[in-house]
Amino acid sequence: MDDLTQPAGIAALAAGAVGLIALVFAIVLALRIRRLRAEQRAVLGTTGREDLVSHAAALQEAFQALHGRVEEIAVRLDDRMAAAEERLDGAIAYRALVRYDAYGELTGHQSTSLALLDAGHSGVVLSSIANRETARLYCKAVHSGEGEQELSPEEAEAIRLALAGEPGSVTLD
């Protein structure tokens, strides 16, 4: 123990303390490097062989490719939507039913005119004229809200009601 109080012993103790501090410092640095490499693997992948700049460039290329794909799909969806809207324009959009007594009899308004029109105000008007013994069915084409043939007042009223969007059926006196 006397050797530790001598200058050579003190130098040895100081060198041991510096070595111990260096060892602790090396362990702390090793843990930090391990944590940094784990974080790099999370960003760069398992290989970790590329640097951050090349990795960022690869990500940019991937985003550009993804953006191009999304734009392509958006254009296709727009085309499909336009085709669907075009088909819907030909579907029945306006309809109205008018009931009336065609012969002035007391048959309870058995005659009807039904207007079925698309978004372009074109379609058909179906009229069923009924009396006690017979019933007749007439069909007239309609283009842009006007009949190809002369329309009866009840058929014109059915078209007017359909285009006005009034729901239900109407009974005329």
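The values are calculated or read from the model by the stated rules, or taken from the named source; none is laboratory data. These numbers come from a predicted model, not from an experiment. All Cβ positions, glycine included, derive from the backbone under ideal geometry; neighbour counts span all protein chains shown. Keep in mind that these areas ignore ligands, DNA and RNA; they rest on the heavy atoms of the full protein, side chains included. Shrake-Rupley method; radii C 1.70, N 1.55, O 1.52, S 1.80 Å.
Kindly establish whether Ser54 is farther than 30 Å from Leu172 by Cβ, surrounded by 10 or more Cβ atoms within 10 Å (Cβ to Cβ) and hydroxyl-bearing (Ser, Thr, Tyr). So Ser54 passes the test.
The set of residues in the range 110-120 that are open to solvent by less than 80 Å² (accessible area, probe 1.4 Å) and not acidic (Asp, Glu) comprises Ser111, Thr112, Ser113, Leu114, Ala115, Leu116, Leu117, Ala119, Gly120.
Quick one: which residue in Thr46, Thr107 is at pLDDT below 85 and open to solvent by less than 50 Å² (accessible area, probe 1.4 Å)? It would help to see each step written out before you state the result.
Details: Thr46 fails: open to solvent by less than 50 Å² (accessible area, probe 1.4 Å).
Of Thr46, Thr107, the one residue that is at pLDDT below 85 and open to solvent by less than 50 Å² (accessible area, probe 1.4 Å) is Thr107.
Could you check, for the range 84-101, whether at least one of its residues is under 25 Å from Thr171 (Cα atoms), open to solvent by less than 80 Å² (accessible area, probe 1.4 Å) and part of a loop (DSSP other than H, G, I, E, B)?
yes
Taken over the range 122-133, the criterion of being outside any strand (DSSP E or B) and either open to solvent by 70 Å² or more (accessible area, probe 1.4 Å) or modelled with pLDDT of 90 or more (or both) is satisfied by Ser122, Arg132, Glu133. Leu151 falls short on exactly one of the conditions (1) out of contact with any Leu (no Cβ under 9 Å at 6 or more places or on another chain); (2) buried (at least 17 other Cβ atoms within 10 Å of the Cβ); (3) touching a residue at least 60 places away in the same chain (Cβ under 8 Å), and that condition is (3).
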